[in-house]
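Working notes, beginning with the structure itself.
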Amino acid sequence: MQGITCIGLGKTYRGGIEAVSPLDLNFSSGRTTALIGPSGCGKSTLLRLIAGLEEPSVGDVRVLGQSPAEQRRRAGISVAFQDPSLLPWLTMQSNISLARKLARKPPDPARVARLIGLVGLGGFEKVRPAALSGGMRQRAAMARALASDPQVLLLDEPFGAVDELTRRQLARDLSPLWKSQGTTTLLVTHSVDEAIMLSDRIVVFSPRPARVVADLEVPYAAELGDGPEFRSLKDKVLTVLSASAAMAK
Amino acid sequence: MRTRDWLAVLLGPVLLLIGWQLLATGLEGKALLAGPVEVLHWLTQNIGLVARALGRTLGNAALGYLAGNLIAIVLTGIGILFPKLLGVIGGLALVLFCLPLIATGPILRSLMGQGEGPQITLAALAVSYTSLVTLLTGLRAVPSAWLDLVHVYGRKRFAELWFVRARAALPYLFAGLQIAAPAAFLGAMVGEFTGAERGLGVLTIRYIRALDVAALWGISVVATVVSIMAYAAVGMMARLVLHDLPPVVLLSSPASGRCGKGRFRDAVVLVVAVLLLWWGGIRLLGLNPFLAKGPLDVAAALTWSAEASESRAALFLAFRQSLGFALPGYLIGLGVGAGLAMLLVLVPAVVPLIMPIAVALRAVPIVTTAPVFVLFLGRGATGTITLVAVMVFFPALVACIHGLRQAPGQVLDVFDVYAAGPFRKLLYARIPAMLPALFAAARMSVPTAVLAVTVVEWLTTGRGLGSLMALSASTSNYRMLWSAVFLVTLFSVLSHAAVASLERHVLRIYAPEQVRQ
Ligand SMILES: Nc1ncnc2c1ncn2[C@@H]1O[C@H](COP(=O)(O)OP(=O)(O)OP(=O)(O)O)[C@@H](O)[C@H]1O
Ligand SMILES: [Mg+2]
């Protein structure tokens, strides 16, 4: 099985906080999966485990058939972190091209320029992060994640600080970029709308420690963002979320 | 607005000058104090002499500055690439920093011969530790998210250093370079106190012998102004490169964050490393055994040789005398520094008056003006204690003011919500925020106090360790000289460690985030 496979994957932080309780999950390659769950349930931790930034306490992850470390060495992974973490001394543009340098890929100014245009930051190329708004920083971080042509894209609330309208537009403009490349994408989001519009599948997690409480396919008709399929799926997700929250209490 | 700012900055120094002149006029004829007019007169008369001496001293200081900072940068790089070595590297640098410069001078002179070598080496010694510690702090003060970014692309330590840490540490590098500028000047001048042929320090010695008050004040003024200018120049350079101010670095201990067991192991490794380097260095360089004493020679001199009990008695007496000056001075300096800082917070209107002077004088290696202190306050306890206190005072004041300002705005807002007065705010919010800064200053001031006391004793008072070292140097009693250097260094390192340990205990309660690494 290709894609991303979690086998009994769990994480307990030092100090005894269990963030992810052992999970068995497969994300097939080339598809986009949205991860939804209450704040603090362990979504970021799961992404960090898959990226190999955190060692699992139990279990194992395979990314496209390899360990995360091997996959990283081939520069196959990109992450847009929840916190944009742009380097403050580099201009926005250099922050984005930095990804290609780190990935040891040849510079590609045309691609970088196109990405900057797509995230709507044209004209801010030479501006340093301190002079960008929170949402602009997030968009730059998103462009940086896409700049290195990754095979696996991990997006941790990439549009958390962006207004609803821009968010929809970014979703429309950016998602073809990774979908057409056959990138395996995981998208953590708190917006059910966004999850439905951007992904092929939605995995809903329980409050901490994260367990899967629902695993839903997104029919193509729902992705358009309106209509009965969309609304029924949205209702389903919200029901599951509130039910699992109530259970936890 | 701008002009008013300038006036505020200038007001302090102008008041200082006027007060100085008034005091000098009042004390005229007592050969204690030369006023600004007299000093200016002397300087214009001897401009050529002073310029030549200053040029020599500055040249040596610059070379030592370069060497010391290069060593610090290389050691830091090694430490970052091989983190296991960090503890030992930091420890070795600390040991070098704790060497009593004034006695290291004659030892170096005996080994390197006449010339500029000892002065340059002392200047390098005086800067390498602070530069190392600031750089290390900078290289570590990197948010882990930036490192995650590097790791996501499968890159390791070297890319971390290249793409993130090196650039992130740049402001800290400059902060270190700034502190180091006057320190190098101090090192060079102390080197000249101990038997060089040319330089400002040599002039100082000459005028102490001649009791030339105007000349001594003149040289002190030159040393002060040059130090402030060097400090300001590096600061300006930093602003050009960085587009913002270098951070205020409160020199955190390089070994912090290690648990008890790790610290113990580091200490053992450090002792072994020091002994090996000491012994091996003498062997490898083929130094003359009459001049260069190894660990065994010192151990013999202090324990089993025929004169051991006599040397021990002499050392112990001198040690007690020096401690009698250093300890009160150290405590007074810290106490007054912290106290004044708190007072300034309660009366914020005077801060703009005092801060520029305090920041400027913090840059002054007060030791270079030691003769003036002794001249003015006498050879007794008062002069020496005051000098030590003043040396400790300025860094403590600046650090504490900075720390007091660290109290987070939201916390103070909470106090305002309950209409808590300035005293309560000071007690519950600001003083806890100040403690890390106060302790950082206390730790770094240990070697400063030792340096101050030994230099005054060497130059003037005829008592204590400094005087014992001077006597040993002039009678070529190298066994005694090396023993004294060994004991003083050991004492400084241990006191430093004691303050650091106290610091960890206090910070664990008041600033737990600072202890956790
Ligand atoms: N480095 C860490 N050390 C200890 N505990 C951690 C660490 N990182 C996260 N946690 C804990 O693990 C749990 C899950 O955190 P995580 O960041 O994965 O949540 P999340 O689902 O991404 O939340 P959010 O939606 O708010 O971003 C939390 O309870 C958090 O306190
Ligand atoms: Mg998260």
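The values are calculated or read from the model by the stated rules, or taken from the named source; none is laboratory data. Predicted model only: the values in this text are computed from it and were never measured. Please note: Cβ atoms are built from the backbone with ideal geometry, for glycine as well, and neighbour counts cover all protein chains shown. Just the protein is used for accessible areas: all its heavy atoms, side chains included, with ligands, DNA and RNA removed. Shrake-Rupley method; radii C 1.70, N 1.55, O 1.52, S 1.80 Å.
Here are the numbers for the structure shown:
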read-out	value
Any hit, the range A:111-126, residues being among the aliphatic types (A, V, I, L, M) and within 16 Å of ligand 2 (Cβ to nearest atom)	no
Test: residue in the range A:88-97 that is without any contact (Cβ under 8 Å) to a residue 24 or more places away in the chain and more than 7 Å from chain B (Cβ to nearest Cβ)	yes
Residue that is away from chain B (no Cβ under 11 Å), within 16 Å of ligand 2 (Cβ to nearest atom) and surrounded by fewer than 19 Cβ atoms within 10 Å (Cβ to Cβ), where the choices are A:Gly65, A:Gly40	A:Gly40
Whichever residue in the range A:163-193 is within 16 Å of ligand 2 (Cβ to nearest atom) and open to solvent by less than 60 Å² (accessible area, probe 1.4 Å) and, among such residues, is nearest to A:Val63 (Cα to Cα)	A:Leu186
Residues of the range B:145-163 satisfying the condition of being at the interface with chain A (Cβ under 9 Å from one of its Cβ atoms), assigned to a helix (DSSP H, G or I) and open to solvent by 30 Å² or more (accessible area, probe 1.4 Å)	B:Trp146, B:His151, B:Phe163
Within the range A:106-130, considering residues that are within 12 Å of chain B (Cβ to nearest Cβ) and outside any loop (DSSP other than H, G, I, E, B), the one surrounded by the most Cβ atoms within 10 Å (Cβ to Cβ)	A:Pro129
Odd one out for A:Val58, checked against (1) within 30 Å of A:Leu9 (Cα to Cα); (2) at the interface with chain B (Cβ under 9 Å from one of its Cβ atoms); (3) aliphatic (A, V, I, L, M)	(2)
Test result for B:Leu17, in contact with a Pro (Cβ under 9 Å, 6 or more places away or on another chain), without any contact (Cβ under 8 Å) to a residue 24 or more places away in the chain and at negative phi	yes
Pair list, Cβ under 9 Å, 6 or more apart: the range B:307-327 residue of a type outside the set (Phe, Trp, Tyr), other residue surrounded by fewer than 16 Cβ atoms within 10 Å (Cβ to Cβ)	B:Ser311/B:Ser305; B:Arg312/B:Thr303
Residues of the range A:144-194 that turn out to be within 14 Å of another protein chain (Cβ to nearest Cβ) and away from ligand 1 (no atom under 16 Å from the Cβ), as a count	10
Residue under evaluation B:Pro118, criteria (1) of a type outside the set (Asp, Glu); (2) under 29 Å from the mean Cα position of the chain (by Cα); (3) within 13 Å of chain A (Cβ to nearest Cβ), criterion not met	(3)
Residues located in the range A:68-96, provided they are basic (Lys, Arg) and open to solvent by 40 Å² or more (accessible area, probe 1.4 Å)	A:Arg73, A:Arg74
Failed condition for A:Gly227, given (1) in contact (Cβ under 8 Å) with a residue 12 or more places away in the chain; (2) open to solvent by less than 50 Å² (accessible area, probe 1.4 Å)	(1)
